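Student: The structure under discussion is supplied below as structure tokens; questions concerning it will follow.
The values are calculated or read from the model by the stated rules, or taken from the named source; none is laboratory data. Keep in mind it's a predicted model, so treat the numbers as computed, not measured. Note: ideal-geometry Cβ built from the backbone for every residue, glycine included; neighbour counts use all protein chains shown. Surface areas here come from the heavy atoms of the whole protein model, side chains and all, with no ligands, DNA or RNA. Shrake-Rupley method; radii C 1.70, N 1.55, O 1.52, S 1.80 Å.
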Amino acid sequence: MIIGVQIGSTSGCAVYEDGKVIYAASEERFTRKKNDSGYPINAINSAIKECHITSDMIEKIVLPTQNMTPMHFLCDIGSYSIQDRLREQKEYYKPKLIYGETANYLEVFYDKCSKTLYSDLYNKVKDEPEENWADIWNKWRVDKISKEFGVAKEKVCIVNHEYSHAAYGLYGSKFTDYENVMTVVYDGFGDESNASIYVYNDGQLQQIKKYNNFNIGRVYRYITLLLGMKPDEHEFKVMGLAPYANEYIYREPLKVFREAYKFENGNVIVNPELKDNYFYFKEKLDGMRFDGIAAGLQIFTEEMSKQLIEYWINKTEKKKCVISGGVSLNIKANMEIGKMNCINDLFVVGSSGDESLCIGAIFAYLDEQKRSGEIQEISSLYLGDEVKGVKKALAKYMTNTSYEIVTEPTSKQIAKKIADGYILGRVSGKMEFGARALGNRSILADPRKQETVTKINNKIKSRDFWMPFTPSILAEDAYKYLDNEKNFSYPFMSVACESTNDAKKDLKAAIHPADYTIRPQLVTKEMNSLYYELIRAFKEETGVGALLNTSLNIHGYPIVRTAEDAMEVLEKTDLDGMIFDEYMILKVSP
């Protein structure tokens, strides 16, 4: 048994046994703090309990990221407000990057430092030069994790950040002919690079190129902040906004981005004026419209991504591509990459940002040991806790006349309610790992009815009006709704696709209203039999083999984990009801 633990950006824990990931969960699901970056004690304890782990069963515990400091961990960056992120730019990065001054992060954010919770770590780094922080952080993590699991320190190792992303991408993918695949990793920052290229050679991943100035992930983060939204959380809002702007509106912002960075002959050319990725763009984009900035940024991201990948695909003579790292969460860029003639097949494993490092670290360790042949693909992301405590959570509603409880509801009964306009939460089986709800912790609705978008946005999710929803589609009906000439697979909502005329008619509430692209989840019976049967029942009722699917949460909070979490959402929103395997609870109109 091998365990991976991510401590930091979206902390979590994963467990691997006999070739498979058997458990993975992020700390945020337990603490109810979005993007919780603290020590993942709850995820660890849940993994130990769910997988019945004892210390003698553990072969290795693997931690990702070797060269980063604990400054964001100590200051709980996941809890930062937009004002905190602006302060970070003005009081830390501006003095350091633009004026070359010494700035101490822990002094700037003294008010946010976990001086009590992690006092031992804080006291070790606070008086040390920042260049020593990574080594102190590594020793602290190894010591803490070895004690947590009751194993010798020698059983804990640390692997490279981008290597972990690459291993997660390749070995988690559907591909088995690794030698024909090129793996691309890009994100905001890594241990040694923010973009890197890997091929499979002699039984291992081999890094053939790394860049430390391929800054599209960092640019996207800080433009999100410039637009008044929260970095590392609201980039999806910027991507969703981009298609609304026309060429006249985005022409000038796009010019600004193109003048800042170019990709030529395998090299990144950076404008000499550019000292940082916040204040430079703040000045250059001053007075330009918000939607034009979003569109220019998205087009720039797509262009730089395509140029990087086309160059290295041609150089390596591969025809298949895997993408991993934070920028791989940009589903529209992934779609444009997939359209390139040099790409025959493309795969993006679900939720491949830093939350996946707890899995990727395990795969990187196995790759280091030349044991990658043991790893089975990640065909399912239902890797978390089984739903528990349903009867207890429903007890107080059993005699409440404001609710109707249906025992042992059939797929046909549920499908009929959805077809009649009910918007229902669904909590079933194992929780999905990562940022996407894939049916087991989802809100479901009729994709044909545009009015459901307004209701979900305004009364349930509190989402921005421009944000699109997505569909879960029966795999056998993919041909009807997806313009998918290359026959890519879409199991995890990680790649967008052009839609067909049937999709524009049948799925109008679950595609992007401006450009009609679609972020699909293709559902098979093997992947999730109960969810598949529900969509089948909806098709029998309506002729449409898909459901609108969005994550079961209130805006700003993580996806629900337990039955109690789900019922809290039902109470606090205008959701019409909640589906559990053995019960359907519906609100009764007064």
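Student: Can you name the condition, by its number, that Glu485 falls short on among (1) over 25 Å from the mean Cα position of the chain (by Cα); (2) not in a loop (DSSP other than H, G, I, E, B)?
Tutor: It fails just one condition, (2).
Student: Does Gly203 count as open to solvent by 10 Å² or more (accessible area, probe 1.4 Å) and at positive phi? Steps first, answer last, please.
Tutor: Values: open to solvent by 10 Å² or more (accessible area, probe 1.4 Å): yes; at positive phi: yes.
For Gly203, the condition - open to solvent by 10 Å² or more (accessible area, probe 1.4 Å) and at positive phi - is met.
Student: Show the residue pairs meeting these rules: Cβ distance below 7 Å; 6+ apart or different chains; first residue within segment 176-200 and closer than 14 Å to Val348 by Cα; second residue of a type in the set (A, V, I, L, M, F, W, C) and part of a loop (DSSP other than H, G, I, E, B).
Tutor: Short answer, once both residue conditions are applied: Val181/Phe175; Tyr186/Phe214.
Student: Right, here's the next one. Which count do you get for residues in segment 172-190 that are open to solvent by 40 Å² or more (accessible area, probe 1.4 Å), assigned to a loop (DSSP other than H, G, I, E, B) and at pLDDT 95 or above? Reasoning before the result, please.
Tutor: So the first thing to find is which residues in segment 172-190 are open to solvent by 40 Å² or more (accessible area, probe 1.4 Å), and the list is 174, 176, 179-180, 189.
From what is left, the residues that are assigned to a loop (DSSP other than H, G, I, E, B) are 174, 176, 189.
The next check asks that each one be at pLDDT 95 or above; those that pass are 174, 176.
Number of matching residues: 2.
Student: Take the residues of segment 446-468 that are assigned to a loop (DSSP other than H, G, I, E, B) and among the acidic types (Asp, Glu): which is most open to solvent (accessible area, probe 1.4 Å)?
Tutor: At the first step, the residues of segment 446-468 found to be assigned to a loop (DSSP other than H, G, I, E, B) are 446-450, 462-468.
Of the ones still in play, those that are also among the acidic types (Asp, Glu) are 446, 464.
On the way: Asp446: 1, Asp464: 45 Å².
Taking the candidates together, the pick is Asp464.
Student: Exactly one condition in (1) more than 23 Å from Tyr16 (Cβ to Cβ); (2) of a type in the set (D, E, K, R); (3) surrounded by fewer than 17 Cβ atoms within 10 Å (Cβ to Cβ) is not met by Lys147; state its number.
Tutor: Here Lys147 clears every test but (1).
Student: I'd like the full set of residues that are of a type in the set (Lys, Arg) and not in a loop (DSSP other than H, G, I, E, B), limited to segment 405-444. Please lay out each step first, then the result.
Tutor: Step one: list which residues in segment 405-444 are of a type in the set (Lys, Arg), which gives 412, 416-417, 426, 430, 436, 441.
Selection gives Lys412, Lys416, Lys417, Arg426, Lys430, Arg441.
Student: May I ask you to list the residues in segment 40-64 that are crowded, with 17+ Cβ neighbours inside 10 Å, touching a helix residue (DSSP H, G or I) at 6+ places or on another chain (Cβ under 9 Å) and within 16 Å of Ala361 (Cβ to Cβ)?
Tutor: Those that are crowded, with 17+ Cβ neighbours inside 10 Å, touching a helix residue (DSSP H, G or I) at 6+ places or on another chain (Cβ under 9 Å) and within 16 Å of Ala361 (Cβ to Cβ): Pro40, Ala43, Ile44, Ile58, Lys60, Ile61, Val62, Leu63, Pro64.
Student: Tell me, yes or no, whether segment 97-106 has at least one residue that is in a helix (DSSP H, G or I) and either among the small types (Gly, Ala, Ser) or in contact with a His (Cβ under 8 Å, 6 or more places away or on another chain) (or both). Can you show your working first?
Tutor: First, the residues of segment 97-106 that are in a helix (DSSP H, G or I): 97-98, 105-106.
Next cut, either among the small types (Gly, Ala, Ser) or in contact with a His (Cβ under 8 Å, 6 or more places away or on another chain) (or both) only: none.
Among the residues of segment 97-106, not one is in a helix (DSSP H, G or I) and either among the small types (Gly, Ala, Ser) or in contact with a His (Cβ under 8 Å, 6 or more places away or on another chain) (or both), which makes the answer no.
Student: Okay, moving on. Condition test on Glu252, is it among the charged types (D, E, K, R), buried (at least 20 other Cβ atoms within 10 Å of the Cβ) and touching a residue at least 40 places away in the same chain (Cβ under 8 Å)?
Tutor: On the way: among the charged types (D, E, K, R): yes; buried (at least 20 other Cβ atoms within 10 Å of the Cβ): no; touching a residue at least 40 places away in the same chain (Cβ under 8 Å): yes.
No.
Student: Another one. What are the residues in segment 65-104 that are open to solvent by 20 Å² or more (accessible area, probe 1.4 Å) and among the polar types (S, T, N, Q), if any?
Tutor: Gln66, Asn67, Thr69, Ser79, Ser81, Gln83, Thr102, Asn104
Student: Right, here's the next one. Please determine whether any residue of segment 436-450 is touching a His at 6+ places or on another chain (Cβ under 8 Å) and closer than 24 Å to Arg29 by Cα. Walk me through it before giving the result.
Tutor: Taking segment 436-450 as the starting set, the residues that turn out to be touching a His at 6+ places or on another chain (Cβ under 8 Å) are none.
No: zero hits.
Student: Only one of these conditions is not met by Lys306: (1) under 25 Å from Ala245 (Cβ atoms); (2) open to solvent by less than 50 Å² (accessible area, probe 1.4 Å). Which number is it?
Tutor: Of (1) under 25 Å from Ala245 (Cβ atoms); (2) open to solvent by less than 50 Å² (accessible area, probe 1.4 Å), only one is false for Lys306: (2).
Student: Which condition does Asn458 not pass, out of (1) under 17 Å from Gly240 (Cβ atoms); (2) under 20 Å from the mean Cα position of the chain (by Cα), if it passes all the others?
Tutor: Looking at each condition in turn, Asn458 falls short on (2).
Student: Restricting to segment 392-425, and then to whatever is exposed (fewer than 12 other Cβ atoms within 10 Å of the Cβ) and of a type in the set (Lys, Arg), can you tell me which residue is nearest to Gly203 (Cα to Cα)?
Tutor: The qualifying residue nearest to Gly203 (Cα to Cα) is Lys392.
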